[in-house]
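Down below is the structure, laid out as C-alpha cells.
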Protein chains: 2
Amino acid sequence: MTTPTDLPTPTVEDRDALATALRRHLDGPFGDVRDHVRALDADAFGAAPARLPVAEHRARVTDLLARVAEQPYAAAGFPERQGGTARYGEAVAAFEMLGHTDLSLFVKAGVQWGLFGGAVSLLGTSRHDDLVPRIVSGELQGCFAMTETGHGSDVHSLRTTATYDGSTDELVVHTPDATARKDYIGNAAQDGRVAAVFAQLVVDGESRGVHCVLVPIGDDEGAAAHGVTIEDCGPKQGLDGVDNGRLAFEHVRVPRTNLLGRHGDITDDGRYESPIDNPGRRFFTMLGTLVRGRISVAGGAGAAARSALAVTTTYAASRRQFAAPGADHETTVLDYRTYQRRLMPRIATAYALQVAQHTLVSAMDDVLAGRAGSEQDQRQLETRAAGIKVLTTRHATDTIQACRELCGGAGYLWANRLAALKNDTDIFTTFEGDNTVLLQLVAKSLLADYTATFGDLDTLGIVRFGARLAAGTVLERTAARGIAQRLLDAAPGRDEDDTLGARSTQLRLLRERESHLLDGLARRLRAATAPGADAYGIVNATQDHLVDAGTAHVERLVAESFAASVESCADPAARAVLDRVCDLHLLSTIEAHKAWYLEHDRLSPARTKALTALVNEVCAELRPYAATLVDGFGIPEGLLTTEMSGTA
Amino acid sequence: MTTPTDLPTPTVEDRDALATALRRHLDGPFGDVRDHVRALDADAFGAAPARLPVAEHRARVTDLLARVAEQPYAAAGFPERQGGTARYGEAVAAFEMLGHTDLSLFVKAGVQWGLFGGAVSLLGTSRHDDLVPRIVSGELQGCFAMTETGHGSDVHSLRTTATYDGSTDELVVHTPDATARKDYIGNAAQDGRVAAVFAQLVVDGESRGVHCVLVPIGDDEGAAAHGVTIEDCGPKQGLDGVDNGRLAFEHVRVPRTNLLGRHGDITDDGRYESPIDNPGRRFFTMLGTLVRGRISVAGGAGAAARSALAVTTTYAASRRQFAAPGADHETTVLDYRTYQRRLMPRIATAYALQVAQHTLVSAMDDVLAGRAGSEQDQRQLETRAAGIKVLTTRHATDTIQACRELCGGAGYLWANRLAALKNDTDIFTTFEGDNTVLLQLVAKSLLADYTATFGDLDTLGIVRFGARLAAGTVLERTAARGIAQRLLDAAPGRDEDDTLGARSTQLRLLRERESHLLDGLARRLRAATAPGADAYGIVNATQDHLVDAGTAHVERLVAESFAASVESCADPAARAVLDRVCDLHLLSTIEAHKAWYLEHDRLSPARTKALTALVNEVCAELRPYAATLVDGFGIPEGLLTTEMSGTA
C-alpha cells in the first residue's frame, strides 16, 4: 500500500474505463496479438457445448487446429530462414490466448508447433529447414516422442536406441522392451505422421547419448509404418481432443539424415561429430528446446485459471444466500468473508503470474532472437521457466478446484466450464517436467554460487537434470530488477516498526526467506561432500528443503516483477487498484509461509496476526472491484458462456 | 510413540499376518458385513473398463442397483415395523464398501435408500409404512427433492409451495419461478417415479414452514406426470451413472395423505397439527433425516481415498526413477523424501478417519435404534456427522489429487482409476452440506456453553441452520473418551521437556488448540450482542474463526478416537505399527497448524523444527510398511485392477 488512502467505490463508468486500463496493463507487450486472437470466432473456438465422445472431440480439435493454422501465429514461432517471422514472444502469447478456448486445442497446437516444430527447427540442421513450412501449415503433422513408460523425469536414462548402420547409411530405431515404449505421446494415436524420437544414439558401437531422430510412423490411411506399433493411450482424465498414444519401434530403418543433428551429427563418411565435446552438456543443450514448452504450459495454465476465476466471480457477485437480519435481500455470497478469502487472493495471484509470464516470454524472445545469446542467459531462462511453470500450474490446479467448490453444485455441471478446466489442466502439474522435480532443479541452479566451495553438485548424480541448470546466480538481472531494488531500498531496514503494508517490507520478507533457505541448503549439502558421508542419504533428506528454496526463489521473482510493473502503470486509477492487488498477492504469499517467518523469528506473533487482519482488510477493500478485475483479464466474449452466467 | 523402540523390518510372513490384523482393526464392529460385501462379484461391481457414454453408464448403474437390492443391506436401514431389519450401522458400513466400486452406484444407492427411503421412513407416518418394502426392493424408485436452483445451503428459505386445498382434500405443489425449481436431484432425470418434495406448507392461508410431500413425477414409459416438468441436468464432472435432474411443478395436485406428516400433519378435517410447537425446532428435527446422508457421504469419501492410496502405493513401491550413485538399480520413488511426505501422512489420516467413521456410525446406530434417544444425543450426532463429513471429504479431494500427481502421466489415464475417483468424489465437499457452511455450524454448536452468557446466537440469524446444532457441549461423551482421557492424563503437564513423541503431548496440543479457538470465538461473538453493535458485520468477520474452531474440534475428536482404538488393539504387532501410524496422523495434523502453535506461543520454534524432523522420521520408519498398510484397507480383490498394477 504505497498510497495509504482507501480505494473509492467505483461508479459504472469508472468500471468500464478501469477494466480497459487493467486489460492493457495485463496485455503487456503483447496487446496487438492478444487482440488479434480475441477477434477469432468465439462460437467456433469456444468449449464444446457438451462433453463430446472422444472420436468426435478429436475430430473437432483437428478441424480447429487447421483453422488456427490459417492464422499467422504458428509462423511467428520460427526463424525467417525456415519461412517463419521470428516473433517468438508473440507466438507464445497468441498460444496462451488459446488457453481460453478448448484446452485440447491448446495442447494439440503446442505439440504440433511448439514441441514437434520446435525440435525440427532447433535441433535440426539446414537439411531440415524445408520441413518447417509444411509443419507450420499443418500439412506435416508430428509428435514429440520423448517420454517412455519407464522414464519420464529421468530422460537421460531413456532406453530407445538409434544405431547407425554404415552399410546402408541408415539409423535403426529400436524399442528394447515394453518399458521403453514411448508413452503418453500427443498426436501419436491418430494425426501424427512423423515422430521426433529421442533415443540413445549408437555410432560405431559407441553410445553418444540421447539424440533426436525423425521417424515416419504412419500414413494418411491410418496404417502404421513398417516396424512401428501405435497404440492408443485410451480415455484420459481430460484433454479428450488430444490423441495420446504409445509408440514402439522394431528395428525401424530411417535415412541417416533424419538425425536432427545440430548438436551432434553423423558425417557423410559415417563419423559422429559434435560442436559440444561434453556429452552431458550436449544433452542439456538439446533439452533446452523444452523451454518453450514449459513457458507455453505456464501460459495455458494461467489462462485456464483466469477463465475459472471469471466464471466464478460472475456467479459470486450475483448468487445470494441467507439474509442478514433486517435486510430486504439475501446477501451476495461474495460478501462473506470465507468466500472473499478463497477468491480474492487467487485473483491477485492471477494478476501477478500474468505479469511474471510476460517477463518470462520477453526474456525467451530475447534469447531465441539472439539478443541475449550467452549460455548464462539461456540457463537463467530455463531456471525461470521451470519455476514459473511450477507456480502457475499449481495455481491453476488449486484455483480451479477452489472455484468448483465456490460454485457448489452449479460448478459440478459440465455446462459451467469448471469441470473441463479442472480435468484438462490437471496434467499440467506433472507434464513438461514434474513440479516437484522442477523445484529441486531450480534450487540446484541457484546453488551455483556455492559449488566452488564444496564441489559440483552434479557429481552427486542424484538428479542428472540438475547439471543443466546449475549455472545461474542467485541475483540474476531482469528488466524489473532496477525498480524492485528501488522499492526494496525504500525500507527503513529490519525494524518491527515498518508496517506490513509497505511494499518494501513485503519484498524484503520474501527476499529474506529465499536467502535464508538457500544459505541453509548450501550448508546441508556441503556435508554431503565430506569424506565417507552418505551423500545419497543427505541429498535425499534435503529434498523438501530444495523444494522450499526453489519455491521461495520463484515467489520472490514473481513478486518483484509484479511490484515493478505496478510502479510503471501510467493510468492512475488502474495503478491504485493494482497497488492493492499487489498488496494482496504479496501479503497472502507471506501469510502462506507464516509458520516459516515465525519459526525463523522474522515476524513476531503480533505481526503475523496483523498480517492476517490486513489480508482480510484488503480482500474486503477489493471486493467492489472483483468483477472489474476479472473483466481486466480480457477473456474474449463468448468463450465464457455458461448456464450460470445465463441465469445469474 | 508410546513404545520408543524402532519398528522391525517386516518379513513376508509378517506382512500377511499384519495386513490381516490391520484389516480386522479397521473393520471395527462391522467385519461381517464388510466381508459379505467383499464377496460380491468384483467383475460386475468394479469400475467400468472405460469411460462409458452417459446413457450406457446410467443403464449399467441401474442394473447394478437392482443387484444390490438382492442383498440384505438396504433392508438393514429400516425399522422392523416397515419390513426392515433395523441394523442401521451395518447398512451404512455396507454402503461404505460400495464406495470402492463405481461411485455412481454408491451415490445412486444413497439417493434411493438413504435419502428417499430415509425421508419416507423417518418423516412419514404409519400410512406410509407400506411404501418402504417397495422402496427396499427397488420396485418404487424415488428421489429427494430438496435443493432448489436458488437455495442450497439455506434450505429454510426454499420457495416451492405445497398449499392445502380443503375443497378437494388435496395438496397443490407449485414452483413459483425458475430459481425455485428443484435442481441437481439424483434419480430425477430417468429412474425416479416419486419425489419427496420439500416445500413451504400452507394450510388455511398460513405458512407452516418446510415440510415434505410425496409427488409422483412420471411413469415407466418415461412420460412426466401432469404438471411436472423434468429436465436433465446434463453432463457433469463425474457420477455419470447418476441421472441428476431438475423438477418444476405447475399446480400439481396430490392427496393430502401424501404429506410425510410425522412432525407436522393435516388432520382429516383439514387442520394443521404438530407435536412440535416451535416451527424452527420442527424444521430442524425434520432436517435430522439428513444425518445418515452425511455419514454415508463421509464413508464413501473415505473409501474412495483409500482406493486412491492403494493404487498409488502399489505404483510407488515398484516405480523406479533415477539411480543413486554406485547403485545397481534405480531408486523406488517411495524412497524419496518428497514422495513419502506426500503419501505416508495421508495413509495415516485414512486410518484415523476410518476409525472415526466407526465411532460415528456406532453412535448413529444407537440413536436410530433408540438406545440413545435424547435430543442432546441426536444433536451431538449431527454435529459429529457434519464435522466428520467435512474432514473426510476434504481428505478425499486432497488425497486423490495428490495421488494423481504422484502417479504422473499414468495417473491421468482413465484405466488407472484416479481420474474417476477424483471426478466422482469432487462434489462430496459441497453436497449434503457445503463444507465451509458445515464447519461454521459445528463451531456454533460448540458455543452452547456460552449462549447463557451472551444470548442465543441464533437471534443473529446469520445461518439459520445453526440453531439446529446449538445444543451440544464442548466436552461430549464418547465411548473412546475414557481411554483418551487416560492417555491425556499421562502428560507431565505443559512442560517444554515433554516430547512431541508422547501421545499425551500430541493429544494435549490438539485439545488446547480447540479450547483456545472456542474461547476466542465466544469473546468475539459476545461483542455482537452489545447494544448498537453491527452484529452482522461482527459475525461475518468471525467466519474464518468459526471455520478454524470447527476444524480444531473435529480434528481433536478424530485424534482421540484413533488414539483410543490403537490402545485397544489386541494384536501386538499390529498395535506397534498402528501406534506409529497414529503418531504420524497426530504429528502431521499438528504440523499443519504449526503457524497457529507458534503464533499462540504453544510451541517454540525449536519444537516446531523438531516436529517437522519427527514427521520425516516417522514417514521413513513406516515406509517398509506402506504396502502392508494399504493391504490393511481390505479393499476387495479385483476392484483395484489398473494398467499400472498390471505392468508393475
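Annotations
- Portion, in percent, of the accessible area of the protein assembly as shown that falls on carbon or sulfur, probe 1.4 Å: 52
- Those residues of segment B:402-431 whose amide nitrogen sits under 18 Å from the label point placed on B:SER318, 7 Å along Cα→Cβ: B:404, B:406-418
- Accessible-area value, B:SER561, 1.4 Å probe, nucleic acids and ligands omitted, Å²: 10
- Heavy-atom accessible area per residue - segment B:152-256, 1.4 Å, Å²: 36
- Candidates A:VAL203, A:SER153, B:VAL202 compared by Cα position along the dipole of the protein assembly as shown: farthest toward the positive end lies A:SER153, with charges placed on Cβ.
- Value of [θ]222 nm, deg cm²/dmol, for chain A, DSSP H segments ≥ 4, -39500 (n - 2.57) each, nearest 500: -16500 deg cm²/dmol
- Simple spin-label estimate for B:ASP601 and A:ALA178 gives 6.3 nm between the two label positions (7 Å along the Cα-to-Cβ direction from each Cα).
- Segment A:506-626: C-alpha gyration tensor shape, a/c 1.5 cut-off, then a/b vs b/c: prolate
- Rounded to the nearest 20 debye, the dipole magnitude of chain B is 1000 debye, with +1 charges on Lys and Arg beta carbons, -1 on Asp and Glu beta carbons, and the Cα centre as origin.
- Rh by Kirkwood over Cα pairs, then Stokes-Einstein D for the protein assembly as shown at 1.002 mPa s and 20 °C, µm²/s: 67
- Residues in segment A:390-426 occluded by at least 30 Å² - accessible area, probe radius 1.4 Å, against chain by itself: A:GLN401, A:ARG404, A:GLU405, A:GLY409, A:TYR412, A:LEU413, A:TRP414, A:LYS422, A:ASN423, A:ASP426
- Of the residues A:VAL215, A:LEU140, A:ALA350, the one whose Cα sits farthest toward the positive end of the charge dipole of chain A, with +1 on the Cβ of Lys and Arg and -1 on the Cβ of Asp and Glu, is A:ALA350.
- Formal net charge of residues neighbouring B:GLN82 (Cβ-Cβ distance under 10 Å; K, R +1; D, E -1): -2
- Convex hull of segment A:75-173 built on C-alpha atoms - directionally averaged projected area, nm²: 8.1
- For segment B:143-278, the spread of Cα coordinates along the three principal axes comes to 46, 33, 25 Å, biggest extent given first.
- Of the listed residues B:SER515, B:SER126, the order by accessible area with a 1.4 Å probe, largest first, is B:SER126, B:SER515.
- Long-range amide H partners of A:PHE322 with built H, under 5 Å: A:THR331
- If you plug the beta carbon distance of B:GLN71 and B:GLU512 into 1/(1 + (r/R0)^6) with R0 = 45 Å, you get a FRET efficiency near 0.45.
- Taken across both chains, chains A and B shield about 6400 Å² of accessible surface from a 1.4 Å probe.
- Summing charges over all other residues whose Cβ lies under 12 Å from the Cβ of A:ARG513, with Lys and Arg as +1 and Asp and Glu as -1, gives -1.
- Summing charges over all other residues whose Cβ lies under 13 Å from the Cβ of A:ARG253, with Lys and Arg as +1 and Asp and Glu as -1, gives -3.
- Placing a label point 7 Å from Cα along the Cα-to-Cβ direction at B:SER568 gives distances to the equivalent points in the other copies of 6.6 nm, listed shortest first.
- Residues of segment B:63-90 with amide N under 18 Å of the 7 Å Cα→Cβ point at B:SER126: B:79-84
- Projecting the Cα atoms of A:LEU598, A:VAL581, A:ALA549 onto the charge dipole of chain A, computed from C-beta unit charges around the Cα centre, puts A:LEU598 farthest toward the positive end.
- Under the span-like rule (Cα at least 24 Å along the axis, Kyte-Doolittle mean at least 0.5), DSSP H helices of chain B: B:290-316, B:572-592
- Distances, shortest first, from the label point of A:THR11 to those at the same position in the other copies read 8.6 nm; the point lies 7 Å along Cα to C-beta.
- Rounded if a/c under 1.5, otherwise prolate or oblate - segment B:29-141, Cα gyration tensor axes: oblate
- Comparing the full protein assembly with the isolated chain (1.4 Å probe, heavy atoms, ligands and nucleic acids excluded), the residues of segment B:182-200 losing at least 30 square angstrom of accessible area are B:TYR184.
- Computed about its Cα centre, the charge dipole of segment A:57-147 is approximately 160 debye, with only Lys, Arg, Asp and Glu carrying charge at their Cβ.
- Largest accessible area first, the listed residues B:ARG486, B:ARG262, B:ARG342 line up as B:ARG486, B:ARG262, B:ARG342 when surface is computed with a 1.4 Å probe on the assembled protein chains.
- Using Cβ point charges alone (K and R +1, D and E -1), the dipole size of segment B:143-278 about the Cα centre works out to roughly 260 debye.
- Inter-copy separations for B:PRO176, label at 7 Å along Cα-Cβ, nm, ascending: 7.4
- The Cα atoms of chain A give a gyration tensor whose axes a ≥ b ≥ c have a/c of 1.5 or more with a/b no greater than b/c, which makes the shape oblate.
The values are calculated or read from the model by the stated rules, or taken from the named source; none is laboratory data. Only a predicted model underlies this, so the values are computations on that prediction, with no experimental measurement involved. Don't worry about glycine lacking a Cβ; one is built from the backbone with ideal geometry, like all the others, and counts go over all protein chains shown. The accessibility values were calculated without ligands, DNA or RNA, using every heavy atom of the protein model including side chains. Shrake-Rupley method; radii C 1.70, N 1.55, O 1.52, S 1.80 Å.
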